[in-house]
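Written below as structure tokens is the structure these notes are about.
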Amino acid sequence: MKSAILIIIALAGISYASNAQEKITSVTLTDSMTTTAIDRPGDVYIVTRSGQIQKLSTDGKLLLSFKADTVPTLFDPRDGARLFIYFRESQLYRFMNPSFNPLSTFEVDPAFAIQPWLICPSGEYKLWILDQADNSLKKVDIQTGRVEVEVVVGPDILDDASNFTAMREYQGFVFLLNPTRGIEIFNPLGIHIRSIEAPGIRNFNFLGEDLYYLKDDVLVFFNLFSATTLQQTVGKGYEQALVSEDRLMLFTPLRVDIFSFTHP
């Protein structure tokens with residue numbers, strides 16, 4: 001981890017790859033997609049504008065669907081065994097099993113944050129909270145009620161928490177998405193260590209050591225340990241992308257095109 005923290009702040013090299021992709025199938029969605037996610041085993045999740053979460057295999061087969069009362073603010077399938085969902089309006093968050101049955105539901109403790117804007121899980125019993133009231137980033141233990149990390153983020157990085165639309169923890173780091181600027185990366189102590197300039201992106205995900213996102217018609221892989229970047233051109237007109245070990249899934253609001261894929 002220490003080596004990762006040191007390396008990730010280095011300047012990234014950029015190279016390009018042009019792997020051929022063979023289209024496997026297309027799936028028409030029953031509702032307009034807002035965001036997408038993929039769990040560690042490779043199942044795909046689509047969150048729609050009506051609050052439905054659809055679970056698909058990487059070959060496009062519908063496995064399950066779940067209808068939330070309101071559109072989730074954040075959904076993270078994590079390892080596929082314990083799904084996480086957060087609703088800002090009610091300040092509720094929930095852990096669910098792979099069949100979308102609730103395991104536990106909690107209200108964000110107001111002692112932790114005045115105006116929680118985003119929250120995401122950290123391990124089994126901890127949360128990261130982005131507080132809009134003071135633009136702070138906090139890590140809390142929900143079992144003990146202890147605040148483990150609390151950092152006020154400077155206005156050059158975080159001038160208004162409401163500009164951010166997604167937050168994830170991965171490999172101990174925290175990642176915040178500002179669609180007008182790109183991705184901000186924080187270390188396990190909540191200290192900002194890097195910005196990835198990528199204005200206009202809608203989402204990001206992880207595959208092994210890589211963070212990846214779709215920027216226009218380019219799929220970008222940023223290695224978290226070497227800080228190198230690989231870029232691969234894909235078709236035009238897509239808004240989001242998901243990658244598994246052997247599949248590339250490209251999304252428009254009402255369709256997903258699935259291709260065979262080899263990591264560049």
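Which ones in region 56-94 are among the aliphatic types (A, V, I, L, M) and under 21 Å from PRO116 (Cβ atoms)? Step through it out loud before you land on a result.
So in region 56-94, the residues among the aliphatic types (A, V, I, L, M) come out as 56, 62-64, 68, 71, 74, 81, 83, 85, 92.
Scanning region 56-94 gives ALA68, VAL71, LEU74, LEU83, ILE85, LEU92.
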Within region 176-201, residues β-branched (Val, Ile, Thr), part of a loop (DSSP other than H, G, I, E, B) and more than 23 Å from THR73 (Cα to Cα) come out as ILE191
Expected single match for among the hydrophobic types (A, V, I, L, M, F, W, C), exposed (fewer than 14 other Cβ atoms within 10 Å of the Cβ), modelled with pLDDT of 95 or more and over 17 Å from the mean Cα position of the chain (by Cα) among LEU103, LEU63, LEU92 is LEU63
Of those in region 111-121 that are at pLDDT below 95 and surrounded by fewer than 21 Cβ atoms within 10 Å (Cβ to Cβ), the residue farthest from PRO72 (Cα to Cα) is ALA111
Restricting region 237-254 to residues that are charged (D, E, K, R) and closer than 18 Å to GLU22 by Cβ, the one farthest from the chain's Cα centre (by Cα) turns out to be ASP246
Taking region 47-100 and keeping residues β-branched (Val, Ile, Thr) and within 30 Å of GLU22 (Cα to Cα) leaves VAL47, THR48, ILE53, THR58
Result of the Cβ filter at 9 Å on region 56-67, keeping first residues that are on the phi > 0 side of the Ramachandran plot and partners that are aliphatic (A, V, I, L, M), at least 6 apart or interchain, is GLY60/ILE24; GLY60/VAL27; GLY60/VAL44; GLY60/MET249; GLY60/VAL256; GLY60/ILE258
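The values are calculated or read from the model by the stated rules, or taken from the named source; none is laboratory data. This is a predicted model, so every value here is computed, not measured. Counting neighbours? That spans all protein chains shown, and the Cβs are built from the backbone with ideal geometry, glycine included.
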